[in-house]
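Q: Handing you a structure now.
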Amino acid sequence: MENWKQFDANEVTHSVSHHLLAIYEIGREYGGWARVSDIARRLDITRGSVSINLRGIKARGLVVEDDHRQVKLSPKGLKIAHDILAKKTAIKAFLQKVLGLSEEEAEVDSCKIEHLLSAAMARRLVHFVKLMLSDDAGAQALLGRARTFKEPCRDGALCPVCKDRCLLEQLSPVLEAPSEKP
């Protein structure tokens, strides 16, 4: 029951992940360096918020700053950004190509998940996705079957996934609820 505490053990938060990726992407366009205003525009937040967040990111040695207050990823920050991108790509491929989610759904959900995934889990996921998308006949058959499998829960007989209550019944109201628009 102590697993929930592992959430805080992540090397970077979701916010830090986004800042590192923004710096990485901007840096690729502009020779490695990013201005606070560019990061703010990329993340759609204020320059003040970026400046506040960069303090902690700099203190952890994930970015370096030049005389013009531009930042670029340090070697440690670059490694973390590459890890984040690899995890996000693996998750997105799984969600989109194996589970059949739309590109938009896969993009949103992979962003929500990537910073929580361990490197070991990400490696296993990459191997699984590669298998499922390979020319292996057994994998292709399983992939086809998985995409169409919709076995309903049986009255009085729960499956090994659900254990003590039907998860599909638990999830249905959430999944079928109309989206709220502001």
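Q: Restricting to the range 54-91, count the residues that are acidic (D, E) and touching a strand residue (DSSP E or B) at 6+ places or on another chain (Cβ under 9 Å).
A: Count: 2.
Q: Ok, one more. Within the group L171, L167, L117, L99, which residue is closer than 30 Å to S17 by Cβ, in contact with a Lys or Arg (Cβ under 6 Å, 6 or more places away or on another chain), at pLDDT below 95 and not aromatic (F, W, Y)? Full working, then the answer.
A: Values: L171 fails: in contact with a Lys or Arg (Cβ under 6 Å, 6 or more places away or on another chain); L167 fails: in contact with a Lys or Arg (Cβ under 6 Å, 6 or more places away or on another chain); L99 fails: in contact with a Lys or Arg (Cβ under 6 Å, 6 or more places away or on another chain).
Result: L117 is the single residue among L171, L167, L117, L99 that is closer than 30 Å to S17 by Cβ, in contact with a Lys or Arg (Cβ under 6 Å, 6 or more places away or on another chain), at pLDDT below 95 and not aromatic (F, W, Y).
Q: Further question: With the condition kept exactly as written, say whether any residue in the range 65-87 is among the acidic types (D, E) and in contact with a Lys or Arg (Cβ under 9 Å, 6 or more places away or on another chain).
A: Quick first cut of the range 65-87, residues among the acidic types (D, E) only: 65-67, 83.
Then keep just the ones that are in contact with a Lys or Arg (Cβ under 9 Å, 6 or more places away or on another chain); that gives 65-66.
Checked against the condition, which is being among the acidic types (D, E) and in contact with a Lys or Arg (Cβ under 9 Å, 6 or more places away or on another chain), the range 65-87 yields at least one hit.
Q: Quick one: in the range 1-28, of everything that is surrounded by 10 or more Cβ atoms within 10 Å (Cβ to Cβ) and acidic (D, E), which residue is modelled with the lowest pLDDT?
A: The qualifying residue modelled with the lowest pLDDT is E11.
Q: Need pairs with beta-carbon distance below 6 Å; first residue farther than 13 Å from D83 by Cα and within the range 102-120, second hydroxyl-bearing (S, T, Y) and surrounded by fewer than 14 Cβ atoms within 10 Å (Cβ to Cβ); sequence gap 6+ or separate chains.
A: Taking only residues 6 or more apart or on different chains, not a single pair turns up.
Q: Are there any pairs with C-beta distances below 8 angstrom linking a residue in the range 41-55 that is of a type outside the set (A, V, I, L, M, F, W, C) to a residue that is assigned to a helix (DSSP H, G or I) and surrounded by fewer than 17 Cβ atoms within 10 Å (Cβ to Cβ), with the two at least 6 apart or on different chains, and if so which?
A: R42/E25; R47/S37; N53/S15
Q: Of all residues in the range 33-63, which are surrounded by 15 or more Cβ atoms within 10 Å (Cβ to Cβ) and over 17 Å from H14 (Cα atoms)?
A: W33, A34, R35, V36, D38, listed by residue number.
Q: Now for a different question. Checking the conditions here, which among I80, I57, I113 is touching a His at 6+ places or on another chain (Cβ under 8 Å) and of a type outside the set (G, A, S)? Don't jump to the end; show me each part of the working.
A: Values: I80 fails: touching a His at 6+ places or on another chain (Cβ under 8 Å); I113 fails: touching a His at 6+ places or on another chain (Cβ under 8 Å).
Only one candidate qualifies: I57.
The values are calculated or read from the model by the stated rules, or taken from the named source; none is laboratory data. Not measured: the values here are computed from a predicted model. Note: ideal-geometry Cβ built from the backbone for every residue, glycine included; neighbour counts use all protein chains shown.
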